Protein chains: 2
Amino acid sequence: MPTNLIKTSEVDVLIIGAGPAGLMACNALAKAGISVRIVDQRPNKVAAGQADGIQPRTIEVLQSYGLADRLLTEGNQLHMAAFYNPSPDTGGIELTDRIPDVSETATPYPFELTLHQGAIEAIFLDSMRGMGVEVSRPVIPISMQLSEKEKHSHHIDVYPVRVTLQTVEPMFGQAKTEVVHTKYVIGADGAHSWVRKRFGIAMEGEQTEYIWGVVDMVPETNFPDIRNRTAIHSNNGSCMIIPREGDKVRLYIQLGDNAAVDSASGRVDKDKVGPHKLLDVAKKSFYPYTIETPESFDWWTIYTIGQRVASKYCVDERIFIAGDACHTHSPKAGQGMNASMNDTHNLAWKLIHVIRGWARPSLLKTYELERRTYAQDLISFDKEFAKLFSQKPKTQHNKEGVSHEDFLKAFQTFGGFTSGIGIHYGESSIVATLHQSYARGLSIGKRMPPQILIRAADARPFELQDLLPSDTRFKVLIFAGDTSQATQRAKVDNLAVDMSASHRFLKTYSPSGDIFAAFDILSISSATKSEVRYNELPKLFRSHWSKVFIDDQEARGRRGGDAYTNYGIYPTGVVVIVRPDGYVGMIAPFDKLQDVDQYFRGFTSGF
Amino acid sequence: MPTNLIKTSEVDVLIIGAGPAGLMACNALAKAGISVRIVDQRPNKVAAGQADGIQPRTIEVLQSYGLADRLLTEGNQLHMAAFYNPSPDTGGIELTDRIPDVSETATPYPFELTLHQGAIEAIFLDSMRGMGVEVSRPVIPISMQLSEKEKHSHHIDVYPVRVTLQTVEPMFGQAKTEVVHTKYVIGADGAHSWVRKRFGIAMEGEQTEYIWGVVDMVPETNFPDIRNRTAIHSNNGSCMIIPREGDKVRLYIQLGDNAAVDSASGRVDKDKVGPHKLLDVAKKSFYPYTIETPESFDWWTIYTIGQRVASKYCVDERIFIAGDACHTHSPKAGQGMNASMNDTHNLAWKLIHVIRGWARPSLLKTYELERRTYAQDLISFDKEFAKLFSQKPKTQHNKEGVSHEDFLKAFQTFGGFTSGIGIHYGESSIVATLHQSYARGLSIGKRMPPQILIRAADARPFELQDLLPSDTRFKVLIFAGDTSQATQRAKVDNLAVDMSASHRFLKTYSPSGDIFAAFDILSISSATKSEVRYNELPKLFRSHWSKVFIDDQEARGRRGGDAYTNYGIYPTGVVVIVRPDGYVGMIAPFDKLQDVDQYFRGFTSGF
């Protein structure tokens, strides 16, 4: 086919790789009406295996896109973690402790969830299909050029990245080639990322010597914690149980140093073991409990733990890598898929604001800043956790081993990682910590913690997080104090007048003139449900009757009424700016709106 | 068309009328695999107006069929009731009180819900469509004969009721006639029921003199309780506000004695008023608050309150009437649609057990017994409530009027009716109160109250009501006591052996030999989540790992751990039999299984 007949097209964002990271990005961009294309080299979506745990924070994020219901219906929930250690009596193991699987209480979803990757991908694929976006597959990128001349131009008609894609038609073996001109590329193409290699980005870190096997099966066992997340430290090796959908269970099994290593190459050799061999190893650590060999295994693999982070996450704020393309770590802490989806959740709104011309391209620098720092912390945690888990347990005969107390301490200390809730982005153009003292129960740079509020007009309870959807808008939360008091109402009226001024952020960051395109404004009064009149608040703070809330207990039941206390907010009130991804961006007292203006000027295009 | 070419067919149950009562019955029967046909005279499903409130109990019932999610998503929730009375100062009204709309705390849904009837019908229609059942419409019954010879025969091939149906094709005006031979008829054909009239069943009761108008609109108002269920008692008439979906509101407006009555006939004349006139009346009772006349009204009507109950609910346990066909009352207490759906929820499982040959036809007598008694109580309540609401408020100048205290007392006393939770079926073949003292927190004859339990194997919290779906099975709840104690475990083991005996109810009421066709067995241990071993219970009480629960708090959060206390159950344990419709049928201590046998013998066919 002559070159001039090659199909060409333009798109604002091209996503390479339709795993969890790529799909999260694609769904978010499509939902915002951005022109987006996604391609994947796999001919079909992934079927079995490759599951990971879903953290509470990831459930919160999916909920913010309206996608959590199916996850919660289809997934298996892990509420309890159990720990087994050598018994001084039996020569086998015994139950040492059971503790909550998630040590963080402050989440609407205080549990982990397991669901195979295909089911999670299907949730995104169905959502995207509803918006007319499908994955092109099997498609591979074969070349990519970033135009040096155009890369700094943000003119609407300039597409500085030229990508050549090849469609593989496996039925006939014919390859079709096409050229895509795009403004941005997201390389979410996995641990062996073509995009990463194309730009020579190095993976920094090391391979450990720990070798693990994994089997998925429906177990027949007398082990009483087979439906809990259970860590077995035995003198015959370590094992972790991750219960899954239906009656299925995944076992992570520690292998001896040589069991699965090819002596010539020194590399792990999948041919040297099989699921039966893996289960035989597990059976020894289960003793005196028994687990039967099933008729068939659903899936199995072996792996060594590599702990690496990419040296950079983007090239000239035009080409980004995300997910497994920029970090690899051990699967047992259940981080992989979560880190991946949260990478692109962080990136998507920034791309959207830049593409819309609202924010300066420099906003995109915060992606690497926030997510690479997190990945490095994650690797540090993972190293410590994997080491503790792979070492022998402490016993009478092995005083140097890992005690249950050491392991438990690590498990709980790192609860922020295993739940995803502890993620804390540092000071930057979008994290301004200056007025932290006005709401000590909130952490600027962390996600907005959950809170039951009551809607003022009808006393219906709502989870605040559900009022902060991932709709690309900044949320302006007006903690208005007790608006049943005339003096406080006067202050709130003044605030509304001040905030409406043309030099204030609401107007300067609303290019279309419609402030509700870029912002949602919610007010939270501390008046009681008997006293409140929702329509006494100024119009700006109640664009609709459903936008006014109170900090009181619901009419029936015991929830709510502790927002001001939990957040450490004084009755004088405060303004909280929540970023489009749900993280607290800044806080300001009523008389410091100029600091909020300053915050937005930090990344605004300026109209 | 010659008679011998008329289409004939057989069906186990023919339902006439596809309103909420008919659809509830049809969905339940179809779900159980019963051969069922449903016809309706309306050419299309109802579009607007005719809304009613949905009570907490009705939400529970819909949830038991897996149909509550959409109801909760689409409906508007009423959490707060507000009361306005004459102000001594302004000459207008003022806020007197706000209280929870639902005074019952013990429900997972402590609120009322408003949703137009068409949306509720659509939930059933979609569910039925998934099972291949559609409403035939527009179809009217033109004759019905019950064979005297065959009516007592319950042979599988005998269809004692012969119904002639006429299909009206409104496009062409051609009527087609067909004959349906059926075992049972449910006449759910509304207040003017053809079925009721065909069998000469009288409506007993009276018409009141109160005349009310109704308008549905999107209001523009400064009234602060426009999104609460609000009762306005003013010197210029009474008005009730029922907020609805979106921004819509329904107003019930009391009319003067003559305003809408034709002086010649003495009857209500819809031509004498219109929505503008009705709203003008409402405006006077709103003073000093204002409510603007909208550009258009969504719906409006006027009515007088009739309070009547049918003299009987069935003919020879072959033909049943349900819903508006057997009771009419005032709409303001929000009872109509609820009573209708609960009628057929009560009837459906009984028909299913009789049609399957498990229960004797006499079981069907309990339908009238339970539901007609309830309707009579409902009418008594309605009379009192409607009277209080229609009378003038008590003021300085009208000492004889209704005080807020009187009204509030009635509102709260009758909370059981307005929530639907207080329904208490009396002693009968399916309500055996003899061992009530073994669980004083449960009321035999009332629905099983909600309770958070923790699943033993994985500490996942569940609402007990969600474990009692309307799947036609009796639920056997084994409150097993503290099974972490060997002595209690021995008692539970003995119970399992006793209950497995061939003369016991599990076997005698399981004609197919599969006890899980007619029963589900759940066990609830009082062991803690740290101590419990779910697999220590006898096999009968854990047919699957998911069938064992504990009475403990969830791993994170404060729910659960109070089932034994709430239900008044001793650590020695007890067996609770829950009927297929969710009502407590009987209770027995471990050593009185013969009384459970006796209970089932009371209505069993005996195999």
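Reducing the stretch B:89-151 and the stretch A:191-245 to their Cα centroids gives an inter-centroid distance of 51 Å. With each label modelled as a point 7 angstrom along the Cα→C-beta vector, the A:Gln412-A:Asp498 pair spans 4.4 nm. The share of accessible area on the stretch A:436-601 that comes from carbon and sulfur is 47 percent, using a 1.4 angstrom probe.
A Förster radius of 51 Å, combined with the Cβ-Cβ distance separating B:Ala175 from B:Glu292, puts the computed FRET efficiency at roughly 0.60.
Give me the percent relative contact order of chain A, please, defined on Cα pairs under 8 angstrom at least 6 residues apart.
With pairs under 8 Å counted, the relative contact order is 14 percent.
Take B:Gln145, push a point 7 Å out from Cα through the beta-carbon direction, and compare it with the same point in every other copy: 9.1 nm, smallest first.
Projecting the Cα atoms of B:Asn535, B:Ala28, B:Gly357 onto the dipole axis of chain B, where Lys and Arg carry +1 and Asp and Glu carry -1 at the beta carbon, places B:Gly357 farthest toward the positive end. Counts of other chain beta carbons within 10 angstrom of each beta carbon in peptide A:453-463 average 5.
Legend: mean number of C-beta atoms from other chains within 10 angstrom of residue C-beta atoms, peptide B:531-537, equals 3. Accessible surface for A:Ile16 stands near 10 Å², nearest 10, in the context of the full protein assembly shown (1.4 Å probe). Placing dummy labels 7 Å off each Cα toward the beta-carbon, the span from B:Tyr570 to B:Leu146 is 4.7 nm. At a probe radius of 1.4 angstrom, the accessible area of chain B per residue rounds to 38 square angstrom. For B:Tyr210, the residues whose amide H sits under 5 Å from its own are B:Ile305, ignoring neighbours fewer than 5 places away on the same chain, with H placed 1.01 Å from N. An ellipsoid equivalent to the stretch A:1-157, defined through the eigenvalues of its Cα gyration tensor, has semi-axes of 43, 19, 15 Å when rounded to whole angstrom and sorted largest first.
Please state, as a whole number in µm²/s, the translational diffusion coefficient that the Stokes-Einstein equation yields for the protein assembly as shown at 20 °C and 1.002 mPa s, with Rh defined as the Kirkwood radius across alpha carbon pairs.
Reported coefficient: 63 µm²/s.
Sorted largest first by accessible area at a 1.4 angstrom probe radius, with every protein chain in place, the residues B:Ser502, B:Ser543, B:Ser64 fall in the order B:Ser502, B:Ser543, B:Ser64. Bridgeable aspartates and glutamates around B:Lys394 (alpha carbons under 17 Å apart, same-chain partners fewer than 8 residues away excluded): B:Asp89, B:Glu94, B:Asp97, B:Glu384, B:Glu405, B:Asp406. Only DSSP H runs of four or more residues enter the estimate; each adds -39500 (n - 2.57), and after division by the residues of chain B the mean residue ellipticity at 222 nm equals -7500 deg cm²/dmol.
The Cα atoms of chain B cover 75, 72, 38 Å along the three principal axes, with the biggest extent listed first. Taking the C-alpha atoms only, the angle from helix A:275-286 to the longest principal axis of chain A is near 80 degrees. Angle check, please: helix A:117-129 long axis (alpha carbons) against the longest principal axis of chain A (alpha carbons), in degrees 0 to 90, nearest 10. Rounded to the nearest ten degrees, it is 30. Computed 3J(HN,Hα) for the stretch A:140-154, one whole-Hz value per residue from the Karplus formula 6.51 cos²θ - 1.76 cosθ + 1.60 where θ = phi - 60°, is 10, x, 10, 7, 8, 10, 9, 6, 4, 6, 9, 5, 9, 8, 10, glycine and proline marked x.
Computed about the Cα centre, the dipole magnitude for the protein assembly as shown is approximately 680 debye when only Lys and Arg (+1) and Asp and Glu (-1) carry charge, each at its Cβ. Computed 3J(HN,Hα) for the stretch A:9-15, one whole-Hz value per residue from the Karplus formula 6.51 cos²θ - 1.76 cosθ + 1.60 where θ = phi - 60°, is 7, 10, 8, 6, 9, 10, 10, glycine and proline marked x. Taking all protein chains as they are arranged and a probe of 1.4 Å, the heavy atoms of B:Lys507 leave approximately 90 Å² accessible to solvent. Element breakdown for the stretch B:273-381 at a 1.4 angstrom probe: carbon and sulfur atoms account for 48% of the accessible area.
Straight-distance candidates among the lysines for linking to A:Lys399, with alpha-carbon spacing under 19 Å and chain neighbours fewer than 8 residues away dropped: A:Lys387, A:Lys409. For helix A:404-413, what angle does its Cα long axis make with the longest principal axis of chain A, in degrees from 0 to 90 and rounded to 10? Long axis of A:404-413 versus the principal axis of chain A: about 30 degrees.
Note that the stretch A:386-391 has calculated 3J(HN,Hα) couplings of 5, 5, 4, 6, 8, 7 Hz, one per residue in order, obtained from phi through the Karplus relation 6.51 cos²θ - 1.76 cosθ + 1.60 (θ = phi - 60°); glycine and proline are x. All other residues whose Cβ lies under 10 angstrom from that of A:His233 are scored, Lys and Arg at +1 and Asp and Glu at -1, for a net of +2. Taking every alpha-carbon pair in the stretch A:295-388 and binning the separations at 5 Å intervals from zero gives 2, 12, 22, 19, 14, 11, 8, 5, 3, 2, 1, 0 percent.
For the stretch B:2-141, what's the relative contact order in percent, using C-alpha pairs closer than 8 Å and at least 6 residues apart?
34 percent.
Please tell me which of these pairs span more than 19 angstrom C-alpha to C-alpha: A:Lys272/A:Lys383; A:Lys248/B:Lys475; A:Lys248/B:Lys547; B:Lys539/B:Lys592; B:Lys312/B:Lys365?
Table pairs above 19 Å Cα-Cα are A:Lys272/A:Lys383; A:Lys248/B:Lys475; B:Lys539/B:Lys592.
Averaged over the residues of peptide B:75-83, the number of Cβ atoms from other protein chains lying within 10 Å of each residue's Cβ is 4. For the stretch A:436-601, just list the percent of Cα-Cα distances falling in each 5 Å bin from zero outward, please. In whole percents, the pair-distance histogram is 2, 9, 19, 24, 22, 16, 6, 1, 0.
On the beta carbon distance between B:Thr433 and A:Ser362, with R0 = 60 Å, the FRET formula returns roughly 0.20. The figure for B:Met448 is an accessible area of roughly 0 square angstrom, using a 1.4 Å probe on the protein chains alone. From the alpha carbon centroid of the stretch A:547-605 to that of the stretch A:523-546 is 15 Å. Between this copy and the others, label points of B:Ser512 are 5.7 nm apart in ascending order, each placed 7 angstrom from Cα in the Cβ direction.
Per-residue packing, averaged as other Cβ atoms within 10 Å, sorts the ranges B:53-61, B:25-33 into the order B:53-61, B:25-33, beginning with the highest. Under 5 Å from the amide H of A:Asp52 lie the amide H atoms of A:Leu115, A:Gln117, each residue being 5 or more positions distant or on a separate chain, with H modelled from the backbone and absent for Pro and chain starts. 7 Å from Cα along Cα→Cβ at both B:Lys312 and B:Asp280: what's the point-to-point distance in nm? Taking the two extended label points, one gets 5.1 nm.
Bridging of A:Lys7 to aspartates and glutamates at a Cα separation below 20 Å is possible for A:Asp40, A:Glu134, A:Asp157, A:Glu169, A:Glu178, once same-chain residues fewer than 8 apart are set aside.
Per the accessible-area calculation with a 1.4 Å probe, the total area buried between chain B and chain A rounds to 3200 Å².
Amide H contacts under 5 Å for A:Ala359: A:Val354, A:Ser605, restricted to partners 5 or more places along the chain or on a different chain, H placed in the peptide plane at 1.01 Å from N.
The values are calculated or read from the model by the stated rules, or taken from the named source; none is laboratory data. Here the structure is a predicted model, which is why all the values come from computation and not from measurement. Every residue, glycine as well, gets a Cβ built from its backbone with ideal geometry; the counts of neighbours run over all protein chains shown. Quick note on the areas: whole protein, heavy atoms, side chains included, nothing else; ligands and nucleic acids left out. Shrake-Rupley method; radii C 1.70, N 1.55, O 1.52, S 1.80 Å.
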